[in-house]
Amino acid sequence: MRNRSLALLLLLFVLAAFSCKRVPKLEFPLVQKYTTQPGDLFYFRPRDGQFVLLERRKALAVVVAPEPDIEAYSYDDKITVSRPEGDMLHNTPFVEKVGAQQALAITADGRTLAGGDAKGVVTLWEIATGNVTLHLDVPSSILSLAFSRDGNWLAIGLAKPAGEPTDTVWLYEIHSNAPHRSFGRGAVTALAWSPDGQWLAAGLDNGTVLLSEVGGGVEPRRIVLSTSPVTAIDIHSSGLFLASAHADKRVLLSKLPTGEQVHTFEPALPPNPLFPRAIERVAFDGNGGRFAAAYAEGDFKIWDTTALSQ
């Protein structure tokens, strides 16, 4: 009887080991790599399914509405906007004699631009006229901004204030001109909405991400990804995966909402202290089949991520 039990245990162990060996490892091959100028960015253009490189032009912040082909650039004392004129984009001053907007966001339809400064002032402008449509004051310096895809919500990420602790993620419902909710305590270095607009991800300077359901009153889920600050994030088109870039030049792919790590894109070289953000932007394409990252030093890479949809 004892020998039979041992044989059964051995058989179960062999079957388990065989089963583990058969679990396929997800592969994400590098398909393209370019060398750009340090700080250059990119955006995804849905109409032709391409990632498009974007010169930073020494701007503090850059945002793009791809379908109307509208680009906005903020500088120390002005904002410029590029609009289509024939087959070319024509860049003109949009707002002048304005404080440095260190964060920008634009609605998907290209109608509204938001800017945030170091004094905690958020301003919304109508792109067509340049008129101010909303003015908000928040408790700390603005680090990041993001509109939901339908343009109904604006997420605001703040620096950690020096004085009394205060929430650092603020959600505003645009049409009500009032904050819907706020949460978090760490500096919010990056923001991303899920494609359906139901979830907001906030990347913090301690390497964690807060995942909040917009319509609910439930406390956000804290996902511990790394000890290195988050510099950029994006959510897969399925809403099931999160890409997070970190100051150690690693890019992590994680499952949502658990945070279970799927893959790590390791850097070819260690971080350069001259470029503390390390990675400026990450993004999936429209169907999640490709993933791109713009490194602050000037590298731009695209990987095949179709394995996430299998």
Interchain or sequence-distant (5+) residues whose placed amide H lies within less than 5 Å of the amide H of Ala278 are Ala296
Using helices alone, what [θ] at 222 nm do you get for the chain, with -39,500 (n - 2.57) per DSSP H run of 4 or more residues, divided over all residues and rounded to the nearest 500?
-2000 deg cm²/dmol
I'd like to check one number: the per residue accessible area of the range 106-192, probe 1.4 Å, reported in Å² as a whole number.
43
What percentage of the solvent-accessible surface of the range 29-130, computed with a 1.4 Å probe over protein heavy atoms, is contributed by carbon and sulfur atoms?
48
Set the bar at 25 Å for Cα to Cα. Now go through Lys58/Lys97; Lys160/Lys249; Lys58/Lys249; Lys97/Lys301 and name every pair that lies beyond it.
Lys97/Lys301
How big is the gap, in Å, between the Cα center of the range 200-269 and the Cα center of the range 30-72?
22
Cα-based Rg and Dmax for the chain, where Dmax is the largest Cα-Cα distance (Å):
21.6, 88
The set of residues whose placed amide H lies less than 5 Å from the amide H of Thr189, leaving out same-chain residues fewer than 5 positions away, is Gly203, Leu204, Asp205
May I ask you to evaluate 6.51 cos²θ - 1.76 cosθ + 1.60, the Karplus curve with θ = phi - 60°, for each residue of the range 101-110 and list the ³J(HN,Hα) values in order in whole Hz, giving x for glycine and proline?
8, 7, 9, 10, 8, 9, 5, 4, 7, x
With every protein chain left in place and a probe of 1.4 Å, what is the accessible surface of Ser194, to the nearest 10 Å²?
10
In whole Hz, the Karplus estimates of ³J(HN,Hα) for the range 56-63 (6.51, -1.76, 1.60; θ = phi - 60°; x where Gly or Pro) are 6, 6, 6, 6, 6, 8, 9, 9
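Report the local net charge at His135: Lys and Arg +1, Asp and Glu -1, summed over other residues whose C-beta lies under 15 Å from its C-beta. Each step should come with its number before you reach the end.
Values: positive: Lys119; negative: Asp117, Glu126, Asp137.
Residues near His135 contribute -2 overall.
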Using the Karplus curve 6.51 cos²θ - 1.76 cosθ + 1.60 with θ = phi - 60°, work out ³J(HN,Hα) for each residue of the range 258-268 in order, rounded to whole Hz, and write x for Gly and Pro.
7, x, 4, 6, 9, 6, 10, 8, 7, x, 6
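The values are calculated or read from the model by the stated rules, or taken from the named source; none is laboratory data. The structure displayed is predicted, hence computed values, not measured ones. FYI the Cβ positions are ideal-geometry reconstructions off the backbone, even for glycines, and counts take in every protein chain you see. Remember, those area values only see protein heavy atoms, side chains included, never the ligands or the DNA or RNA. Shrake-Rupley method; radii C 1.70, N 1.55, O 1.52, S 1.80 Å.
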